[in-house]
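The values are calculated or read from the model by the stated rules, or taken from the named source; none is laboratory data. Keep in mind that this is a model prediction, so the values were computed, not measured. Neighbour counts run over all protein chains shown; Cβ positions are idealised from the backbone, glycine included. When the accessible area is computed, the model is the full protein with side chains, heavy atoms only, and any ligands, DNA or RNA have been set aside. Shrake-Rupley method; radii C 1.70, N 1.55, O 1.52, S 1.80 Å.
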Amino acid sequence: MRGADMTVQSIAGSGSILGESPFWWPDEQALYWCDIDGMAILRLDPQGAIRRWPLPSQPGCIAPTDDGRLVVAMRDGLALFDARTSALVRVAGPPYDPALQRFNDGRCDAQGRLHVGTLVDARTPAAGRLYQLDPPARGGGPAQWTVLAGDRVVANGLAFSPDGRRLYWADTRGHRIEVFDRDPVSGALGAPTEWLRFDTREQSGGQRYGGRPDGAAVDVEGAYWVAMYEGSRVLRILPDGRIAREIALPVPAPTMPAFGGPGLRTLFITTARGSPDARGMPSSPLAGTVFRVEVDVPGLPVQPFGVAPFLA
């Protein structure tokens, strides 16, 4: 990328069963992510030390809050986590049956609203949804989950354009990415449009299977960076749908990129350990680690979750 150092480096000792939802917290100069199947939150500090906090349930995604905590979307509901004290405070129950589904990919918009998708354990039916968490009504009561979109088995790839007028959402099982027009103030979505679809098999001419879209992040130019699960790569896709860059990785299953470091010019990439996939791709001793690569187009900063309306 225009002279960027595209050398991929592994962050030693950070192996996860299913690493996901990385974000860079500028106040701490630290990287956070979660291990879904390992039921833990992890933090890489500026000195390179990794800390791990166990959780009582699978965390689908995490995000910072505007009061210095983390919001954690776990299988059995939403909670606020304080890394300083390890205190976990429940905020809302799940809008689904946790015996059949769990929260998956999510992030907050510029207004501090949490958006989070769900995953169907049995991979059928397509009952996964995209939810927005709304504060309790005046006079008390529980927080409310609003359904924004649906018909997914594995909801993934959630990201906003720099101006907030586009919302990207990946259908991992369907090998496709959709885009929604969006009102950045109200958060209202238009009808989805298919943006990209990827091959589900080996392509003609012997070209290898390229994977399916998982987690994603957006840079300041509006390009969408997506981890291609089972494809051993991350793609940079321009707003018009053209693939501008491919970063090859030495593991089969990257899960999600996030921008961090000085000037938000380091791309961190979480991965899954798992086992060799059904297509016969070999596993790797580095599977489950976090990778980093320097890029020359900075990313967008993480948006925090607005806590106050939920604690009034």
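Could you look through the range 268-299, keep only residues that are assigned to a loop (DSSP other than H, G, I, E, B), at pLDDT 85 or above and touching a Ser or Thr at 6+ places or on another chain (Cβ under 9 Å), and pick out the one that is most open to solvent (accessible area, probe 1.4 Å)?
Per the criteria, the residue is Arg273.
Tell me which residues, restricted to the range 188-203, are outside any strand (DSSP E or B) and open to solvent by 30 Å² or more (accessible area, probe 1.4 Å).
Once the filter is applied, which keeps residues that are outside any strand (DSSP E or B) and open to solvent by 30 Å² or more (accessible area, probe 1.4 Å), the range 188-203 yields Ala188, Asp199, Thr200, Arg201, Glu202, Gln203.
For the range 54-90, which positions are crowded, with 20+ Cβ neighbours inside 10 Å and aliphatic (A, V, I, L, M)? If you could, list the steps in order and put the result at the bottom.
In the first step, residues of the range 54-90 are kept if they are crowded, with 20+ Cβ neighbours inside 10 Å; the result is 55, 58-65, 69-75, 78-79, 81.
Result: Leu55, Ile62, Ala63, Leu70, Val71, Val72, Ala73, Met74, Leu78, Ala79.
If I ask for residues that are open to solvent by 50 Å² or more (accessible area, probe 1.4 Å) and at pLDDT 95 or above, which ones from the range 173-184 would you list? Break it down stepwise before answering.
Residues of the range 173-184 open to solvent by 50 Å² or more (accessible area, probe 1.4 Å): 173, 181, 183.
Within the range 173-184, Asp181, Asp183 meet the criteria.
Just to verify a result, which residue in the range 12-23, among those that are surrounded by fewer than 24 Cβ atoms within 10 Å (Cβ to Cβ) and under 24 Å from Asn104 (Cα atoms), is modelled with the lowest pLDDT? Show your work before the answer.
So the first thing to find is which residues in the range 12-23 are surrounded by fewer than 24 Cβ atoms within 10 Å (Cβ to Cβ), and the list is 12-15, 17-18.
From what's left, under 24 Å from Asn104 (Cα atoms): 14-15, 17-18.
Details: Ser14: 69, Gly15: 82, Ile17: 94, Leu18: 95.
Going through the qualifying residues, I end up with Ser14.
With in a strand (DSSP E or B), touching a residue at least 60 places away in the same chain (Cβ under 8 Å) and either among the aromatic types (Phe, Trp, Tyr) or in contact with a strand residue (DSSP E or B) (Cβ under 6 Å, 6 or more places away or on another chain) (or both) as the only criterion, which of Leu88, Leu78, Leu119 stands out?
Testing whether each residue is in a strand (DSSP E or B), touching a residue at least 60 places away in the same chain (Cβ under 8 Å) and either among the aromatic types (Phe, Trp, Tyr) or in contact with a strand residue (DSSP E or B) (Cβ under 6 Å, 6 or more places away or on another chain) (or both) leaves just Leu78.
Do we find a residue being touching a Pro at 6+ places or on another chain (Cβ under 9 Å), within 20 Å of Trp25 (Cα to Cα), part of a loop (DSSP other than H, G, I, E, B) and open to solvent by less than 40 Å² (accessible area, probe 1.4 Å) anywhere in the range 93-108?
Looking through the range 93-108, none of the residues is touching a Pro at 6+ places or on another chain (Cβ under 9 Å), within 20 Å of Trp25 (Cα to Cα), part of a loop (DSSP other than H, G, I, E, B) and open to solvent by less than 40 Å² (accessible area, probe 1.4 Å).
Quick check, is Arg138 outside any loop (DSSP other than H, G, I, E, B) and open to solvent by 40 Å² or more (accessible area, probe 1.4 Å)?
Working: outside any loop (DSSP other than H, G, I, E, B): no; open to solvent by 40 Å² or more (accessible area, probe 1.4 Å): yes.
Taking the combined requirement at face value, the residue does not satisfy it.
Restricting to the range 150-172, and then to whatever is of a type in the set (D, E, K, R) and under 16 Å from Asp121 (Cα atoms), can you tell me which residue is surrounded by the fewest Cβ atoms within 10 Å (Cβ to Cβ)?
Within the range 150-172, the subset of a type in the set (D, E, K, R) is 151-152, 163, 165-166, 171.
Those still in the list that are under 16 Å from Asp121 (Cα atoms) too: 151-152, 171.
On the way: Asp151: 14, Arg152: 24, Asp171: 24.
Looking at the filtered set, the residue picked out is Asp151.
State all residues of the range 252-264 that are surrounded by 13 or more Cβ atoms within 10 Å (Cβ to Cβ) and either free of Cβ contacts under 8 Å to residues at least 40 places away in the same chain or of a type in the set (Gly, Ala, Ser) (or both); if no residue qualifies, say none.
Pro252, Ala253, Ala258, Gly260, Gly261
Residue check, Ser16 against (1) within 18 Å of Gly215 (Cβ to Cβ); (2) in contact with a helix residue (DSSP H, G or I) (Cβ under 9 Å, 6 or more places away or on another chain), all met but one. Which one?
(2)
Residues Val218, Val251, Val185: which one is part of a loop (DSSP other than H, G, I, E, B), more than 22 Å from Leu286 (Cβ to Cβ) and β-branched (Val, Ile, Thr)?
Answer to the selection: Val185.
Answer with yes or no whether Arg51 is more than 19 Å from the chain's Cα centre (by Cα), open to solvent by 10 Å² or more (accessible area, probe 1.4 Å) and more than 11 Å from Val290 (Cα to Cα).
Considered against the rule, which asks whether it is more than 19 Å from the chain's Cα centre (by Cα), open to solvent by 10 Å² or more (accessible area, probe 1.4 Å) and more than 11 Å from Val290 (Cα to Cα), Arg51 comes out as yes.
Being basic (Lys, Arg), within 13 Å of the chain's Cα centre (by Cα) and at pLDDT 95 or above, is that true of even one residue in the range 106-117?
yes
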